[in-house]
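Structure first, then comments.
The values are calculated or read from the model by the stated rules, or taken from the named source; none is laboratory data. These numbers were taken from a predicted model, which means no experiment stands behind them. Here Cβ is always computed from backbone atoms with ideal geometry, including for glycine, and neighbour counts include all displayed protein chains. When the accessible area is computed, the model is the full protein with side chains, heavy atoms only, and any ligands, DNA or RNA have been set aside. Shrake-Rupley method; radii C 1.70, N 1.55, O 1.52, S 1.80 Å.
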Amino acid sequence: MSHAQMKREQGIGLAEVEQTGLGEVNNAKLNQLLYQLRTQKRHQAQTVMSEQTAAKVLSQPVPAPQPEVTSLVELRQVLNSTAQILILDLEFYGGKGTRVAQLAGQVYGSHERFNYLVFAPEAMTDAQQLKFLKETNLPYLDATKLDLTAVIERVNQFMHRQQIDYILSYDNHLDWRILNEEAKRYHWTPDQCFWKKPQDLDLEAILRQDALAGKTGISLQSLVGLLGINRELPFHQAQNDVTYMARVLQYYAHNINEEII
């Protein structure tokens with residue numbers, strides 16, 4: 001029996017149960033339909049596996065876990081590998097409790113990027129809401145569709161398309177804490193929590209432990225200045241901070257001087 005035929009027969013069986021109603025189907029008839037559906041489902045799964053995916057699954061190696069990165073040497077190795085790295089930055093609303101206001105990201109070495117503003121009226125002042133509507137040129141009702149859950153789903157889709165191996169950010173302890181609080185607030189499943197899937201790379205922590213011997217860290221703005229990178233973009237805007245991090249990573253990927261911060 002072909003895959004298409006099984007799907008048609010399965011659809012007919014389900015439709016018969018739905019249209020007739022359980023109250024009008026005797027037990028023998030219902031049991032027969034359920035048995036047919038279960039049998040067809042098992043046969044269909046076996047056929048699909050044997051004919052379409054078995055050889056492919058056997059030929060693919062099991063993905064190796066991504067190595068932990070704790071030093072600039074290891075970071076440089078990752079940057080010069082084929083790993084897919086998402087550079088990520090978040091900004092927040094304050095006041096009635098810290099909430100996510102913006103998420104921006106870019107795939108290292110690529111033009112693939114995103115920049116999402118989050119409309120959270122319960123955490124925004126009137127002035128912030130008006131600014132959001134002006135910047136996005138959206139009616140209020142359309143703006144409400146850009147809530148955090150919708151934005152997180154877009155980021156999840158982006159990461160799936162790009163097959164991200166690492167998420168790199170700068171001094172990200174606040175980012176992860178707020179995202180975890182939001183996950184509890186909205187009852188997201190683990191699959192919805194994009195930041196828990198790839199390995200985490202905190203560039204500030206790597207620099208502090210390696211180049212600064214565990215002493216006080218350095219801000220992204222100061223780091224960019226020390227490396228002589230042009231600072232023409234305003235800092236503390238997620239899309240700009242992502243751009244600066246990408247430039248810093250390019251610097252470290254190509255500079256073999258271990259003494260430079």
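Points to keep in mind about this one:
- For the stretch 72-254, the fraction of 1.4 Å probe accessible surface lying on carbon and sulfur atoms is 49 percent.
- The heavy atoms of Ser219 offer some 60 square angstrom of accessible surface to a 1.4 angstrom probe.
- Evaluating 6.51 cos²θ - 1.76 cosθ + 1.60 at θ = phi - 60° for every residue in the stretch 106-122, the Karplus couplings come out as 8, 6, 4, x, 9, 8, 6, 7, 8, 8, 10, 8, 9, 9, 10, x, 5 Hz, glycine and proline recorded as x.
- Additional length obtainable on full extension of the chain from Leu141 to Arg161, 0.36 nm per residue less Cα span: 4.3 nm
- For Leu201, nonlocal amide neighbours, meaning residues 5 or more places apart or on other chains whose placed amide H falls under 5 Å from its own, are Ile167, Leu168, Ser169.
- Taking label points 7 Å from Cα along the Cα-to-Cβ direction, Glu181 and Leu212 give a separation of 2.4 nm.
- Mean accessible surface per residue for the stretch 72-254, computed with a 1.4 Å probe while every protein chain stays in place, in Å²: 51 Å²
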